[in-house]
Every structure is written in C-alpha cells, then in structure tokens.
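The values are calculated or read from the model by the stated rules, or taken from the named source; none is laboratory data. If you're wondering where the values come from, they're calculated on a predicted model, not measured in any experiment. No Cβ is skipped: glycine too gets one built from the backbone with ideal geometry, and neighbour counts run over all protein chains shown. These area figures cover heavy atoms from the full protein model, side chains too; ligands, DNA and RNA do not enter into them. Shrake-Rupley method; radii C 1.70, N 1.55, O 1.52, S 1.80 Å.
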4 protein chains.
Amino acid sequence: MRDVEVVTVKSIELTSPIMIEGLPGVGHVGKLVAEYLIEELAAEKIIEIYSPHFPPQVIVNPDGTVRMVRNEIFAYSSDEIELLILVGDHQSNTNEGHYILSEAFLDIALNYNVKRIYTLGGYGIGQLVEKPRVIGAANKPELVDEMKKYGVEFSENEPGGGIIGASGLILGLGGMKGIEAVCLMGVTSGYLVDPRSAQAVLRILTEILGIKVDMEALEERAKEMETIVARLKEMEQMQGEIEPGEISTEEHLDYIR
Amino acid sequence: MRDVEVVTVKSIELTSPIMIEGLPGVGHVGKLVAEYLIEELAAEKIIEIYSPHFPPQVIVNPDGTVRMVRNEIFAYSSDEIELLILVGDHQSNTNEGHYILSEAFLDIALNYNVKRIYTLGGYGIGQLVEKPRVIGAANKPELVDEMKKYGVEFSENEPGGGIIGASGLILGLGGMKGIEAVCLMGVTSGYLVDPRSAQAVLRILTEILGIKVDMEALEERAKEMETIVARLKEMEQMQGEIEPGEISTEEHLDYIR
Amino acid sequence: MRDVEVVTVKSIELTSPIMIEGLPGVGHVGKLVAEYLIEELAAEKIIEIYSPHFPPQVIVNPDGTVRMVRNEIFAYSSDEIELLILVGDHQSNTNEGHYILSEAFLDIALNYNVKRIYTLGGYGIGQLVEKPRVIGAANKPELVDEMKKYGVEFSENEPGGGIIGASGLILGLGGMKGIEAVCLMGVTSGYLVDPRSAQAVLRILTEILGIKVDMEALEERAKEMETIVARLKEMEQMQGEIEPGEISTEEHLDYIR
Amino acid sequence: MRDVEVVTVKSIELTSPIMIEGLPGVGHVGKLVAEYLIEELAAEKIIEIYSPHFPPQVIVNPDGTVRMVRNEIFAYSSDEIELLILVGDHQSNTNEGHYILSEAFLDIALNYNVKRIYTLGGYGIGQLVEKPRVIGAANKPELVDEMKKYGVEFSENEPGGGIIGASGLILGLGGMKGIEAVCLMGVTSGYLVDPRSAQAVLRILTEILGIKVDMEALEERAKEMETIVARLKEMEQMQGEIEPGEISTEEHLDYIR
C-alpha cells in the first residue's frame, strides 16, 4: 500500500465544483455538517481514500461486515451547484500523514477543477456554549471580508494555537496551490458531539452556497443532546456538592459521542 | 533489512489452504488457539517473517539462546483439510508497520492460493465473563450468515471501536484483494490470559473447519486459571473491604499472563 | 511535499553573511532575540522553509488569514555587516525531522557562503534567575576562547544534557561541514517567556557582531514581564501558605508565554 | 544525512578481531565495562557512526565545544588479541533505528572479519543486588555451554521479556548473518550506575578473552558508589519510618547516574 491509495468508485463529470471537508475533529462539528449534507442532498460516493497513516484498524458495520478506515468523497450536482464533500472515519495518525493526506485531497480538488474549498470544524472553548457562533479563517484576505457578510466571526485571538489537521492544512497548502479555502468553525464546548454547533455552521454554509437544506433532523438531534445535558446537570445538582475525586458533568459528557 | 523479510524455511505444496491468524492481542485468545492448533495438529513451520516494525528486542529461549522477534506460518495438511497458521511474538510496534505486515501476510496467502482466512482474537469487556461467547466480523455479508449457523454472535454494538491490528486489517485489506475473511473474537475480561475464552473460540473454529482436536490440555489450562482467579477472589474477601488505594482483584489479575 | 521545501521569496546578493538562528525553545529566548533583530534592523525575508516534519497545523494571522507552519530566513546588509536571520513558528515534530531541517539550514548557509553561525537559545535552570547570564558552546576550541572575551560563560556542567534541537544540531552538523558555529544561551527559569534573558543575549551578540541596536522596546517588554511576576508573587504571599495540591507561582508562570 | 553515516577516522589492518559492544543501557553496566576496557588498553578510535535516529541533540564537552551524538568503535591489537570495542552516547531513539543501527554494526563487523561479538549490558531486578552475578544469552547453543564454564549463569526465566536494543539485536541479526554472539548481563538494581556489576562482567569477560586488565580504578569507583548507597540507607533509617508519599532510598538512587 502506498502512502495514499485513491480509488475512484464512480466516474463523474463536473465543471468546477466547490469542495467541502468535514473530517472528524473537535465536537465532531465538521463531520456532522458534512454527513448531514450528504444525506439531505443524497450525494453519491465517487472516491475512497486509503492510507497506512490512518489508525491500524477496521470499522465494524452494524451488519457484522468490516471495512478499512478510509476517507470518502461524495459528489452532488444540480442546476445551481456542484459539490464534492470529503468525509471519513479518522484523520491521520502520524505527523507526516497529515501533510500527505491533505496534499492528496488537494490533488483530487485540482483534478476536478475545484476553485474553492470550505473546511468545517469545531473550536473548543472548554465550557458549555450559550449562544452558537461560527468563527472563521481563510487563505486570502478577500475571503475574510466575504465571510464576514454571512455572520462568520473573525477575532484576533480565535482560534488561538492555529487550526490542527486537515481543516487547517487544506487552507495552508491550498493557498500554495492557488485554491481559495475557508475554514468555518462552530464554537463548541469540546466535551461532546455538538449538533447545535453543527446547525450554526450548516446555516451559514448553506447561505454561502445559496442552497436550501431541511434542518429538521439536525434540530431534533440537537434537542436530544440538550435533553441529555439537562438531565446530567440535574443529576449533578441533586447530588449536592460533588465530592473531590468524583466525576463532574463535564467529564460525563465526554462519553457521549 | 527491508520493511518485511519473508524467509521460507520449508517448501511445501498445497492446493488451496485455509489461513488462520492468531497473533498476540486481548487476553491472548487468538494466540492461545492458534498455538494450540499447531501443537495438537503437529503443524510444521514453513515461513518466518521479520520486520524492523516489530519491537527492537530479541526473545531469550529457555536454553539461553536468543532469536529475533518474528511472526511464523505453520502448515498442516491431511486428507480433509489444508491449513496455514500464522502466529508470532508481537504485532507491529509502528502505525505503518501494521499495514505493511498485514499486506505481507495477504501476499503470502495469495501465493498459496488461500481462499479464506480466519483471524482470531479477544474482545475485552472489562469484567469477568460468566458465559463464554464468541462474537464475529467478516468481510462479506454471506460470511456473516454462514458464521451465525455455528453460534458466532453478531451484534450491532460489538465490537465497538472496530478491530485493531492484524486481526482487523487482514479482513479489511483481504476484502480489497478478494480473499474471504472472518474474525472470531472470544469475549474476555481483558485482564488476563483467558484459556476458557480460547476454548470457546477453538470449539467453534474446529466445527467450522470440520476437524477434531483434543481439548483436554486447554481444559486443564482453563481450570488452572480459574483456580487462580478463585483464590484471588477469596483473598480479597478475607481482607474485607478494600482500602482506597489498595490493589483490587482485577489489578492482580493483570499480572497473570 | 518533500521532506523540506525551500522557497526563495527574494533573490539577494551577499558576500559572506553571518547566520543567526533563533527558533522557538526554552523561554523563547532565541526567538525573542532573533525577531527583535529582524524588526530593529528592518531585515527582509528572502526564504521560507516548509516541511511535513513541522506540526500538522496552520497559524491563524490576526486578520483571519492562515499560513503554513514554517521557518523563515531574513537578510540584512549594511556597510559593516551582512546577516541571515533564521526564525520560525516551530521546530521539527519528529526525531529525524530535526536532523533533516538542520541539514537544510546548513545547505542554505553554504549556498550563501556563510562562514559563521550564531545559534541562540535559553538554558532553563528551574528557578527564577537573579542575575542574567549567557552561557555558550561552540564547534571549535578557538571559538570558546573568542567568546569568553565577550563575557560568555563556559562551565563544565552547563548545559548538562547537551543542547537539544536546531541550536545544537547546527553546531554539530556545521562542524562536520566546516562552518564555525557558536551557541549563546540565556540562562532562564524555563517557566516563562524571558525578555530579560533575551536582553542579555542580545547585548553580547551585538557586541560580538559590532553592531548597535536600540534596546528600549526589549527593556520595556522585560519590565512588563517583571511586573507580572511580582504581582503573582504578591498574590501568592497573600494567600499565605499554599495548600497541598494548589497551583504555585511557578505553575502560574507557565501560562504566560 | 543518510540513515547511518559511518566515518572511518583511522585505517587499521586486523586479521579477525573480537567485537565488544557496550552502549548505554540498564545501570550503564555495558558502557562502564566497554569504556573501562578502552581506557585500560589504550584502544584507539577507528570509526564514528552518526544517525538521524539518535536523539536530536549535541553533547557539550567539558571545554565548551560540542559534538554530534554518535557511536564509536575503538580498536586494540596486541600479540594475544585483536579487539573492536563499540561504545556511544545513546542508542536509537526510533523503533526502526534500532534495527538499522544494529545492522550497520554487523556490516562493520563483517568488514573486519569479526567472528565473534560480546554484547554487554545490565539486567535490572528492581532491588539492591547482594552478590554480583552475570547472566548470559547467546545465538548458538554451543556458546551457552562455553560460557557456563566461565561462571556465566543461564536460567529459564532470566532475562524475562527478552533483551532490548543493540545488545539483543546484535545477537539476533548476527545469528542470521553467521556471526557468533554472546550477551553478558550484569545483574543490577536498575536504579543507579553500577560499577560493582560492571566489575563482575569485566572479570568474566577478561577471563573469556584471556587478557589481563588492572581492576583498581573500577574497584575504587564501586567503593565510592557503595559509600553513597550506605549513606542514603543511613539517612533513611534515621528518619525512622518513611511517611507515605515520601521518597525512599531507591528513588533517591535514581538520581545518581
């Protein structure tokens, strides 16, 4: 197996699609949005990407069959828009692998004449988020201005420490290859899968793309998660003061993924 | 030394053997079963596999001689069945090594015209197992149905988190190369070497293969382990309540390997 | 992307410049000095260095744009002196990467006919430093004697454990390639960014180079940091005795970078 | 820099020397013996070995100069014996590097027509050793018998877990290349540099080699260490019972290296 194996599972003609990346990361925000888009748009898979830089394991499907850890690209095409949506089980497990895989994603983008990429992620702030916000980063100053019009926030100190993994490297390496790229990050606690944050990102993304997507299923999932969080908070209050060494709500939340 | 060195120690003609993998893993269940089969069937070693991805050490034999960490393939051939059995001291110590070695195993399988592989492992559930169970995964839906007939259990949430290492990758990569493969996992605590779980796997495996293997030695080993566990439990009860910070039975068990 | 990508952003003719390395490290002493020099001398960037051995992330600029993690070389040329100043966001994240990158830096040095390199760093002693000191190391005995005249201290036990990363490897590998190199280390606590230590290094370095640099901005930054440290000490005394398990001043300082 | 750089610093003609390896390891036993031999025999350096698999740092000499982390081979030749002695600052810092470097050592051995190698190390047992013992391992059964005559102990369970690093791999890989190799391990606590254990190894090694080496300097060093250990034990007894959480003698010893 070479460093990256790109398998085309369906040939498709596209003029100049927009690429969207939603690999796993903080709060699984990017993954939630990208997978939701694939489902709602009924996008079809065109490419599978395998690599020895992914964790050395297989995923067991609900029916008992297995498959290699992989990343996948789905395509959607309508009269208004063409999309390539990149999702996957895991990001690279090695340092160099992150660079190698991001370059492979960009090679695919160039191959399909992609002119712009949106990478999606979460920005963990270590506490429950009251009001959903989406912060951004981009590989050209013009893109920053464009994004601000849609309510994407840019502030000097967010995200501190840079953007780790594919969502960041696609912007950085993309800039070097002349592909415009924007990263949209839903602000999230970082402790749990956060469909409410995903919703905020999806809302802005669909507005940018000029497409309409039914939000209901995501709204339901967000409500479910809020019910769980509310119950955990209640349980905690009933216990009174938490003893030193006890597990607090935040730690509980860590298990809900 | 290249990434993998495959040394043929004995040339052998086989028509289309079944391959069985039992490398070290959770509860050493797979290793116990595979090594037991080799001994009971008096299989003979045909291949040694060396790699700089194995831990950088040598194994000291009881007679004071040493040998490189390695994986080995044994062959067994009778009128009813042909087997290739893969065992070894360790799995890969690096991320890429897991992929490289699993591919090497499959290349050997293809070379010997292997049409089906059974990978054996343990599935740790974090508590002592009352009733032995064997859960499965496969790289084709037909195999799942076939295995169910032998009592292999398939449930949506087991194994959660996928199958790590060679037992998983052989299924995943094997599927891509057109080799049927099934993983049989003995449910085990994960805290100790588990011959009782190995027995459950061996029972199902021999039924699938249609061969007969004397179970007595494994039964004895299982009873010995149960005696040790029982004694530890007793000791714990005699101590009365365990003081905070004390080592509990489960932690004791961790040392019995 | 190859192991190292060297991008020349501006062609420049130099006779035989002196190279100064100030990559991130203990107390960010080297980085502070090198970046201060670049600013005060208005040196201009001539080279960018990219590598998959850097951490897999991008840096977000204050304006919301991003850029790849990189190292950079700035050039300064006057009637008295020619300088190449190497700075960057991070050092290598992998073992081999440290060697590969240091060799790349030296190849660039050879290319520009560099005859001498000063690498700058901090030497952490685990406690607040009363009197700033600069200790040294070099890749030729004559350089040790030369440096002593400028007040650089050389003692048998400092730095114990050697010099880690580019500041060390440039000396070691440079010696093998026939380039003279000296490492100047500001003694520092190791707990916080230390502009006072950087000042001590800058003072000696400018004397060695025979150039004049306005120290005022660095003096201000050092005073600010001293005010913060003094406040933290005060807070600690007000709390009286620190309870076991409490965070002490030193740990607080760790967050001020 | 390639994976291994072998630099010949002095050409020398040898008929068929014996190689001795004493790289850093448990209790620095092997290193102590090998360096002691080099000093007492006034062996001269013939080879330096560099590698990006060594830790990315330089060693600072007492005079303020630095040098790359390296391994070195010294040669000694008299009417009775020819020796190649391998010593160094560090072993590999990466998994594959251990294999690559051990192969490089063996290539050098083959180049000099080495027929036998002694690798030296320590075997840590986790408690102070009352009576010095030397345990062994070898890559041929005949060598085990031969070593037993010199008082080298071979027992089924020592060393449990195999021999890690160059001392082990040289035996394993050496066996594959047809070079006889023996590992002599001084039993040691594993908590401190152990010249007493080194003495036991040196005594047996010189007897095997049929050479005489003045033991006085090593005896002095062993006595010094015993004085330190005795003082620490005394201090401990004076403190009476050690409070839970206090540092015990054994932990103190860890700092004396």
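Descriptive notes on the structure:
- Using a probe of 1.4 angstrom and keeping all protein chains present, the accessible surface of the protein assembly as shown works out to 45 square angstrom per residue.
- Förster radius 25 Å - calculated FRET efficiency between A:Lys149 and A:Asn113, Cβ distance, rounded to 0.05: 0.45
- When C:Ser92, C:Ser16 are compared by accessible area of protein heavy atoms, the largest-first order is C:Ser16, C:Ser92, using a 1.4 Å probe.
- Relative counts (whole %) of C-alpha pair distances in region B:119-249, using bins that are 10 Å wide: 11, 36, 30, 15, 7, 1
- For region D:198-214, putting each phi into the Karplus relation 6.51 cos²θ - 1.76 cosθ + 1.60 with θ = phi - 60° gives couplings of 4, 4, 4, 5, 4, 4, 5, 4, 5, 5, 4, 6, x, 10, 10, 9, 5 Hz, in residue order, rounded to whole numbers and with x for Gly and Pro.
- For C:Lys115, the lysines whose Cα falls under 19 Å of its own Cα, not counting residues fewer than eight places away in the same chain, are C:Lys140, C:Lys177.
- Length released on extending from B:Glu216 to B:Leu128, taking residue separation times 0.36 nm less the Cα-Cα span: 29.4 nm
- For the rotational copy pair A/D, the chain A residue whose Cβ lies nearest the symmetry axis, together with its distance in Å, is A:Thr94, 6.
- Take A:Tyr50: with every protein chain present and a 1.4 Å probe, its accessible area is about 10 Å².
- The value of relative contact order for chain D, using C-alpha pairs under 8 Å at least six residues apart, is 22 percent.
- Estimated inter-spin distance, D:Lys177 and A:Glu156, nm [label 7 Å along Cα→Cβ]: 6.0 nm
- Under a 5 Å amide H cut-off, with hydrogens placed 1.01 Å from N, D:Ile46 pairs with D:Ile73, D:Phe74, D:Ala75 among residues at least 5 apart or on other chains.
- Convex hull of alpha carbon positions in region B:93-188: directionally averaged projected area 6.8 nm².
- In order along region B:185-192, the phi-based Karplus estimate (6.51 cos²θ - 1.76 cosθ + 1.60, θ = phi - 60°) of 3J(HN,Hα) comes to 10, x, 5, 8, 5, x, 8, 8 Hz; Gly and Pro are listed as x.
- Residues in region A:45-79 occluded by at least 30 Å² - accessible area, probe radius 1.4 Å, against chain by itself: A:Pro52, A:Pro56, A:Gln57, A:Val58, A:Val60, A:Pro62, A:Asp63, A:Gly64, A:Thr65, A:Val66, A:Met68
- Region C:89-101 - phi-based ³J(HN,Hα) in whole Hz, Karplus 6.51/-1.76/1.60, Gly and Pro as x: 7, 8, 9, 4, 9, 10, 4, 5, x, 4, 5, 4, 5
- Tilt relative to chain A, helix A:166-176 - C-alpha long axis, 0 to 90 degrees, to 10: 40 degrees
- Distances between equivalent label points of C:Val7 across the copies, with each point positioned 7 Å along Cα→Cβ, amount to 3.4, 3.4, 4.9 nm, shortest listed first.
- Whole-Å semi-axes of region C:5-215's equivalent ellipsoid (Cα gyration tensor): 24, 20, 18
- Rounded to 5, the percent of DSSP beta bridges in chain B classed as antiparallel: 60 percent
- Amide H contacts under 5 Å for C:Val114, placed H, 5+ residues apart: none
- Each copy carries a label point for D:Ala217 at 7 Å from Cα toward Cβ; from one copy, the others' points are 5.5, 5.5, 7.7 nm away, ordered from shortest.
- Teacher prompt: B:Glu80 distances to equivalent labels in other copies, 7 Å Cα→Cβ, nm: 6.6, 6.6, 9.4
- Of all accessible heavy-atom area on the protein assembly as shown, the percent that carbon and sulfur account for (1.4 Å): 47 percent
- Considering only GluC sites (Glu not before Pro) in DSSP loops that have at most 14 other Cβ atoms within 10 Å, the longest stretch of chain A without any of them is A:157-240.
- Tail fraction, Cα-Cα pairs, region B:111-165, threshold 15 Å, whole percent: 57 percent
- Once the Cβ-Cβ distance of B:Asp3 and A:Val7 is raised to the sixth power relative to R0 = 22 Å, the FRET efficiency obtained is 0.45.
- Percent of Cα-Cα distances greater than 45 Å, calculated over the protein assembly as shown: 45 percent
- Trypsin sites (Lys or Arg not before Pro) restricted to DSSP loop in region D:2-96 with at most 16 other C-beta within 10 Å: D:Arg2, D:Lys10
- Where A meets B: accessible area buried, both sides, 1.4 Å probe, Å²: 1800 Å²
- Cross-link reach list, lysines versus A:Lys131, counting only Cα pairs under 16 Å and skipping chain neighbours closer than eight places: A:Lys223
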